[in-house]
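See structure below.
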Amino acid sequence: MVEAAASYIRMVQHLIEECLVFRMTREECAEALSKHANIKPIITSTVWKELEKENREFFEAYARETDRAPTVEAMQSIQKVIHDSLSSDSDD
């Protein structure tokens, strides 16, 4: 059970990292993962906050750069990444 939980957290972390590539805010990421990967926003938020603690300088700079509205292209791209990631996980 512990191994499954750790694996789930790693998957959420990976998906958050994909959101970061697309310059999504925490809220955008939580919404996308909830909608497309069935991950509860509280889980995304918790993992995101832990990543912020571990990488404070990165996230401070990231927050300054992502103060903007989401783009349709970013949402479509993250949907594809989530779909591809979940598809490859089910193949394992």
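The values are calculated or read from the model by the stated rules, or taken from the named source; none is laboratory data. Just so it is clear, the structure is predicted and the values come from calculations on it, not from any experiment. Positions of Cβ are backbone-derived with ideal geometry, glycine not excepted, and every protein chain shown enters the neighbour counts.
A few comments on the model shown:
So that you can scan it fast, the table gives a plain yes or no per residue for (1) modelled with pLDDT under 95; (2) of a type in the set (Phe, Trp, Tyr):
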| site | (1), (2) |
| --- | --- |
| ALA4 | yes, no |
| VAL12 | no, no |
| PHE22 | yes, yes |
| ASN38 | no, no |
| ILE43 | no, no |
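- Screening LEU20 with (1) in a helix (DSSP H, G or I); (2) over 13 Å from MET75 (Cα atoms) gives one miss only, at (2).
- Checking each residue in the stretch 31-50 for being farther than 15 Å from ALA63 by Cβ and either in contact with a helix residue (DSSP H, G or I) (Cβ under 7 Å, 6 or more places away or on another chain) or outside any helix (DSSP H, G or I) (or both) picks out ALA32, LEU33, SER34, HIS36, ALA37, ASN38, ILE39, LYS40, PRO41, ILE43, THR44, VAL47.
- Some residue of the stretch 66-77 being of a type outside the set (Asp, Glu), in a helix (DSSP H, G or I), touching a helix residue (DSSP H, G or I) at 6+ places or on another chain (Cβ under 8 Å) and surrounded by fewer than 15 Cβ atoms within 10 Å (Cβ to Cβ): no
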